[in-house]
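The values are calculated or read from the model by the stated rules, or taken from the named source; none is laboratory data. These numbers come from a predicted model, not from an experiment. Positions of Cβ are generated from backbone atoms using ideal geometry, with glycine treated the same way; all protein chains shown enter the neighbour counts. SASA here: full protein model, heavy atoms, side chains in, ligands and nucleic acids out. Shrake-Rupley method; radii C 1.70, N 1.55, O 1.52, S 1.80 Å.
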Amino acid sequence: MSQKTDEKNKALVVEANLRREAEVGMVSAQSLWSPVGEPAPLSTGTGTAELAEIVVFVDGQTDSAGTLEFAGMLAQEHGAHLIAVFMQPAPAIRPSETFARGEGIFDVVEAHRAQLERIEAGHRARFEDIVRRHGIRSEWRSLPYLSTEVGVHAYYADLVIVTRPDRADQTAGPPGLAESLVLSSGRPIVMFPPGNAASRIRRILVAWNSRREAIRAVADSVPLLVRAEAVEVLVVDYERHATDHGQEPGADIARHLARHGVQVEVKRVSSGGEEVGRLLLSQAAAFGADLVVMGAYGHSNLSEWVFGSVTRTVLREAGLPVLMSR
């Protein structure tokens, strides 16, 4: 066998190994502990459970600056351990590379590996800078493109943060990542708008209808609610389900939150035929909310899950962070 044939076979074997490496398991699962400064002290004034572990998903295809800064602010304020889960994007393939043969295949594989390493290095450098500035404990994990293990990293978090898909291209993260996490993780998911600047959570709007999903969302968000300067419980069209609300719609949940030390008020509005999702967002803007808390609603349609119209509208159009639970 000639030397040229040996080199060609070697390149093919290397390519096959790299492809298998990208398809199974984690490409890397490195932990970065950043001992810069002391974590923020936990508040003990309310007796309410704190956020101890926050997971933020970092999409290699989009600008993660705002999402990472938001996650860093929350981790610092709550003294939480922050875990960044980086999701590798698909490598950008030039048309000419599809014609690579022999040693050229090895060169293409190496070029793609280097490309992905540069992308991850940029996101990780930004993350490490945020960790240093906020003096928080942290960890960095890396997943291959379209990994089946994405959801596992959300299961043991007190709060999960992910960039909301941009309406223009809907490419943030693997297809349906935000929706899948909301439906299957069992954890509260904060969707951060793409391209937004991060700000601290001081004013929160709670969408309330006395249903199970809203009850779960409020319970999940108590650590955030007790730290807010103002919370508004918004009740829309309570007349449609008057028996679910008691004698005074919104009063019971407001009383419950007040006993946790939440500064809360109740507002009741009629949609008047306006789409409820857009009404919710307009009310959030009028209140000056930094965060919306709501339940995620939907129904199964054969093998597909279909979000309700309010949830779908907020998922697509919210210009501020939204916490959803189910």
Checklist outcome for this item: Expressed in nanometres to one decimal, the distance between label points 7 Å along Cα→Cβ at Glu265 and Asp237 is 2.5
Checklist entry - Net charge near Ala207, counting Lys/Arg +1 and Asp/Glu -1 over other residues with Cβ under 13 Å of its Cβ? => result +2
Next on the checklist: So, R0 is 30 Å and r is the distance between the beta-carbons of Ser282 and Ala121; what FRET efficiency does that work out to, to 0.05?
Outcome noted: 0.15
Checklist outcome for this item: Here the gain from full extension of Ser309 to Ala230, 0.36 nm per residue of separation minus their alpha-carbon distance, amounts to 25.7 nm
Checklist entry - Counting only the heavy atoms of the protein chains, how much of Tyr145 is accessible to a 1.4 Å probe, in Å² to the nearest 10? => result 100
Checklist entry - Taking only the alpha carbons of the range 185-298, what extent do you get along each of the three principal axes, in Å, biggest first? => result 40, 34, 30
Checklist entry - Long-range amide H contacts for Leu291: which residues qualify at under 5 Å (H placed 1.01 Å from N, peptide plane, sequence gap of 5 or more or a different chain)? => result Arg203, Leu205
Next on the checklist: What figure, in Å² to the nearest 10, do you get for the accessible area of Asp63 with a 1.4 Å probe and non-protein molecules left out?
Outcome noted: 100
Item to check | Environment charge at Pro321 (Cβ cut-off 10 Å; Lys +1, Arg +1, Asp -1, Glu -1) | outcome: 0
Checklist outcome for this item: In the range 204-303, the trypsin sites (Lys or Arg not before Pro) that sit in a DSSP loop and have at most 11 other Cβ atoms within 10 Å of their own Cβ are Arg259
Checklist outcome for this item: So Glu248 and Tyr155, fully extended at 0.36 nm per residue minus their Cα-Cα distance, gain in nm 29.8 nm
Item to check | Pair Ile215, Ala52: separation of 7 Å Cα→Cβ label points (nm) | outcome: 2.6
